[in-house]
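K.L.:
Take this structure first; my questions come after.
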Amino acid sequence: MQGSAQQIVLGLDPGSRVTGYGFVRERSGVLELVAAGVVRTAAEADFCRRLGVIYSAVAELIATHGPVEAAVENVFVSKNPGTALKLGQARGAALAACAVAGLPVFSYEPTVIKKSLVGVGRAEKSQVAFMVARVLACRETFAADATDALAAAVCHLNQRRLTRLCGAR
């Protein structure tokens with residue numbers, strides 16, 4: 001990440017039906033919410049069209065908010081291989097938009113994200129949402145996917161800060 005005074009990170013929680021996104025700005029060590037929401041695809045739409053919607057929406061969000069990096073939650077392997085494959089493809093569409101925009105992408109396991117915010121890797125979604133709201137000092141509530149995306153962005157910024165403090169590269 002460049003050494004600018006203000007840096008925006010895009011957090012992503014990809015899904016084939018709902019992809020959460022969250023933009024978090026770090027200014028002088030203080031984190032603040034820029035934008036958050038979800039990209040919804042029509043369940044009845046052809047799967048390739050849904051992937052196209054995800055790609056286009058993420059590309060447009062990147063162009064609008066100008067992040068310098070992206071943080072994404074790793075794919076959670078479900079019991080259903082078909083679901084895991086679709087999730088991986090949705091993640092690929094979102095990551096392709098980041099790659100085309102030239103954003104470095106950092107991936108985090110869900111347990112690492114939860115531990116970074118709550119202190120416990122198996123924290124409940126409600127606990128993560130509570131901590132996201134506290135860290136970003138926001139009162140509004142978001143869809144679970146948007147909260148997870150914001151959590152990924154906050155986790156990444158925490159990891160970057162820790163790396164800088166420890167002098168590691």
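K.L.:
Excluding ligands, DNA and RNA, what is the solvent-accessible area per residue of the stretch 87-169 at a probe of 1.4 Å, expressed in Å²?
P.N.:
Heavy-atom accessible area per residue stands at 55 Å².
K.L.:
Share of the chain's accessible area from carbon and sulfur, percent, 1.4 Å?
P.N.:
Solvent-exposed carbon and sulfur of the chain make up 54 percent of the total.
K.L.:
Among the lysines, select those whose C-alpha is under 18 Å from the C-alpha of LYS115, and discard any that sit fewer than 8 residues away in the same chain.
P.N.:
Within the straight-line cut-off, LYS115 pairs with LYS125.
K.L.:
Relative contact order of the stretch 1-76, please, whole-number percent, based on alpha carbon pairs below 8 angstrom and at least 6 residues apart.
P.N.:
37 percent
K.L.:
Go through PHE142, LEU162, ILE113 and say which Cα lies farthest out towards the positive end of the charge dipole of the chain; charges sit on Cβ, +1 for Lys and Arg, -1 for Asp and Glu.
P.N.:
LEU162
K.L.:
May I ask for the angle, rounded to the nearest 10°, between helix 47-65 and the longest principal axis of the chain, with both axes built from Cα atoms and the value confined to 0 to 90°?
P.N.:
It is inclined by approximately 30 degrees.
K.L.:
To continue, here is another question. Determine the gain in length on full extension of the stretch ARG27-SER56; use 0.36 nm per residue of separation and subtract their C-alpha separation, reporting nm with one decimal.
P.N.:
Value of the extension gain: 7.6 nm.
K.L.:
In deg cm²/dmol and to the nearest 500, what is the mean residue ellipticity at 222 nm of the chain if only DSSP H runs of at least 4 residues count, each as -39500 (n - 2.57), divided by the residue total?
P.N.:
Helix-only estimate at 222 nm: -16000 deg cm²/dmol.
K.L.:
Then there is this: Which part of the stretch 125-169 falls in the paramagnetic zone of GLU109, meaning amide N under 15 Å from the point 7 Å along Cα-to-beta-carbon?
P.N.:
From the stretch 125-169, the list is empty.
K.L.:
Taking GluC sites (Glu not before Pro) that fall in a DSSP loop and have at most 12 other Cβ atoms within 10 Å as cut points, what is the longest piece of the chain between them?
P.N.:
45-123
K.L.:
Which of rounded, prolate, oblate describes the stretch 29-122, given a ≥ b ≥ c as roots of the alpha-carbon gyration tensor eigenvalues and a/c under 1.5 marking rounded, otherwise prolate only if a/b is larger than b/c?
P.N.:
It comes out oblate by the Cα gyration axes.
K.L.:
Which residue, LEU95, LEU51, THR64, has the largest displacement toward the positive end of the dipole of the chain when charges sit on each Cβ (Lys, Arg +1; Asp, Glu -1)?
P.N.:
In the chain, that residue is LEU95.
K.L.:
When only DSSP loop residues count, what trypsin sites (Lys or Arg not before Pro) in the stretch 93-142 have their Cβ near at most 11 other Cβ atoms within 10 Å?
P.N.:
ARG122, ARG139
K.L.:
Quick one: go through the stretch 45-60 and flag any residue whose amide nitrogen is under 14 Å from the point 7 Å out along the Cα-to-Cβ line of ALA101.
P.N.:
54-60
K.L.:
Another question, then. Using 7 Å Cα-to-Cβ label points, what is the ALA42/LEU165 separation (nm, one decimal)?
P.N.:
Placing both labels 7 Å beyond Cα along the Cβ direction yields 4.9 nm.
K.L.:
Which of the following values of Cα extents along the principal axes in Å was calculated from the structure shown: [x] 43, 38, 29; [y] 61, 40, 25; [z] 46, 33, 32?
P.N.:
Here the calculated entry is [z].
The values are calculated or read from the model by the stated rules, or taken from the named source; none is laboratory data. Not measured: the values here are computed from a predicted model. When we count neighbours, we look across all protein chains shown, and the Cβ atoms used for this are built from the backbone with ideal geometry, even at glycine. Surface accessibility is based on the protein's heavy atoms, side chains included, excluding ligands, DNA and RNA. Shrake-Rupley method; radii C 1.70, N 1.55, O 1.52, S 1.80 Å.
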